[in-house]
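Structure record follows, encoded as structure tokens.
Values in this text are rule-based calculations from the coordinates and carry no lab data. Predicted, not measured: the structure shown is a model, and the values here were computed from it. Cβ coordinates were reconstructed from backbone atoms using ideal geometry, including for glycine residues, and neighbour counts include every protein chain displayed.
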Amino acid sequence: MIEQKTEIIFNREIARDTFLMGLRSPEIVARAKPGQFVMLRVRPGIDPLLRRPFSICAVQDDELLLILYRVVGKGTAIMAEASGGDSFSVLGPLGNGFALPDRHQQSILVAGGIGVAPLLFLAQYTRTGPIQLMMGFGSAAEIIALELILDRTMDFVIATDDGSAGHAGPVTDLLEARLNQDEFERDAASIFTCGPGPMMKKVAAMALERGIPCQASLEAVMACGIGACQGCSVKTSSKEGQTYFHVCTDGPVFPVMAIDWNH
Ligand SMILES: Cc1cc2nc3c(=O)[nH]c(=O)nc-3n(C[C@H](O)[C@H](O)[C@H](O)COP(=O)(O)OP(=O)(O)OC[C@H]3O[C@@H](n4cnc5c(N)ncnc54)[C@H](O)[C@@H]3O)c2cc1C
Ligand code: FES
């Protein structure tokens with residue numbers, strides 16, 4: 001884990017309230033794995049006091065760390081105002097990351113909104129096996145153009161809640177349709193998901209019902225990011241032994257069967 005001051009190389013709005021930031025950090029880039037995250041201190045001093053967690057969305061040229069973020073509150077509003085040449089203190093890479101898919105497995109990546117961030121790094125990193133990306137957004141204005149982030153093309157489908165682009169309805173409809181296709185080979189597939197809790201709960205249920213391996217990258221409000229504050233616990237599915245995980249150090253990625261989705 002590295003803590004360093006990193007220079008912002010660019011910071012641009014690429015969809016409604018959604019920004020892509022490039023931070024120069026060859027040291028973190030060299031260690032980064034898909035599913036890991038960094039904690040950003042968006043301003044020196046005490047306001048806001050806490051670092052904010054962001055998934056590593058992609059890396060570029062062995063030195064740029066890409067963060068894809070939505071403006072939702074004070075910290076992310078400060079980030080949106082930052083320009084090239086400014087700098088942030090970054091702590092990372094943190095967390096466990098995804099267990100990578102087997103060579104011949106088909107990976108189905110199911111993203112809800114900004115939850116696409118860690119899945120794009122997984123897609124960038126995984127050069128073997130076919131990948132299908134399913135992305136759900138509120139509306140067309142929130143859709144993220146993949147070519148702005150990735151140096152590879154991939155098969156993708158889109159759903160929007162208001163029907164302004166792609167399938168009208170939740171992204172889980174797309175997953176269900178795929179899993180129900182006659183030619184779908186469940187023994188050769190893995191599902192990876194990140195997004196709002198209710199969406200991941202539904203994805204987890206579909207995967208568990210069909211016995212398809214599935215990993216979910218969970219979100220939790222994080223004060224420290226390093227296992228020291230107990231603030232990010234989630235309930236495990238275990239009836240004995242460890243009953244809570246720290247999302248920051250045990251995760252943020254978990255096999256869906258390890259989590260109590262009803263808690
Ligand atoms: C492992 C991990 C990876 C993440 N990756 C990304 C990412 O790639 N891109 C991205 O845009 N966001 C990501 N998030 C969420 C991001 O950390 C929060 O959106 C951010 O901290 C909000 O900061 P703020 O100061 O703008 O909001 P605040 O002013 O602190 O809060 C504004 C609103 O956001 C909610 N919120 C605050 N923190 C979180 C959180 N951790 N999770 C969910 N809701 C929160 C608050 O409850 C409140 O409703 C990630 C969170 C985790 C735990
Ligand atoms: S964020 Fe402090 S223990 Fe996880």
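Odds and ends about this structure:
- Taken over the range 2-94, the alpha-carbon convex hull comes to 86 cubic angstrom per residue.
- Relative contact order of the range 220-263: 36 percent, from C-alpha pairs under 8 Å at least 6 residues apart in sequence.
- Angstrom value of the Kirkwood radius, inverse mean 1/r, which spans all Cα pairs in the range 106-217: 14.0
- By the rule of a C-alpha distance below 19 Å, with chain neighbours fewer than 8 residues away ignored, the aspartates and glutamates paired with LYS235 are GLU219, ASP250, ASP260.
- Once the gyration tensor of the Cα atoms in the chain is diagonalised, the equivalent ellipsoid follows with semi-axes of 28, 22, 17 Å, ordered largest first.
- Euclidean distance of C-alpha centroids, the range 1-50 and the range 232-263, integer Å: 26
- Per-residue Cβ neighbour rank within 10 angstrom, fewest leading, LYS201, LYS74, LYS239: LYS239, LYS74, LYS201
- Exposure proxy ranking, count of Cβ atoms within 10 Å, fewest first, for PHE19, PHE88: PHE19, PHE88
- Qualifying GluC sites (Glu not before Pro) in the range 153-224, where qualification requires a DSSP coil assignment and no more than 13 other C-beta atoms within 10 Å, comprise GLU183, GLU185.
- Mean Cα-pair separation over length for the chain, i.e. relative contact order, pairs under 8 Å, 6 or more apart, %: 17
- Packing-based exposure ordering (other Cβ within 10 Å, fewest first) of VAL72, VAL90, VAL157, VAL203: VAL72, VAL157, VAL90, VAL203
- Isolated Cys in the chain, by beta carbon distance under 4.7 Å: CYS57, CYS194, CYS214, CYS232, CYS248
- Residues considered: PRO170, PRO198, PRO213. Largest GNM mean-square fluctuation over the chain, using C-alpha springs under 10 Å, is found at PRO198.
- Our summary gives the range 106-217 a relative contact order of 29 percent, counting only alpha carbon pairs under 8 angstrom and 6 or more residues apart.
- Within a Gaussian network of the chain (alpha carbon springs, distance under 10 Å), most fluctuating of ARG16, ARG103, ARG186: ARG103
- Whole-Hz ³J(HN,Hα) from phi, Karplus 6.51 cos²θ - 1.76 cosθ + 1.60, for the range 170-182, glycine and proline x: x, 5, 5, 4, 5, 5, 4, 4, 5, 5, 8, 5, 4
- For the chain, the mean residue ellipticity at 222 nm estimated from helices alone is -5000 deg cm²/dmol, where every DSSP H run of n ≥ 4 contributes -39500 (n - 2.57) and the total is divided by all residues, rounded to the nearest 500.
- Candidate lysines for bridging to LYS33, where Cα separation is under 23 Å - those fewer than 8 sequence places away on the same chain excluded: LYS5
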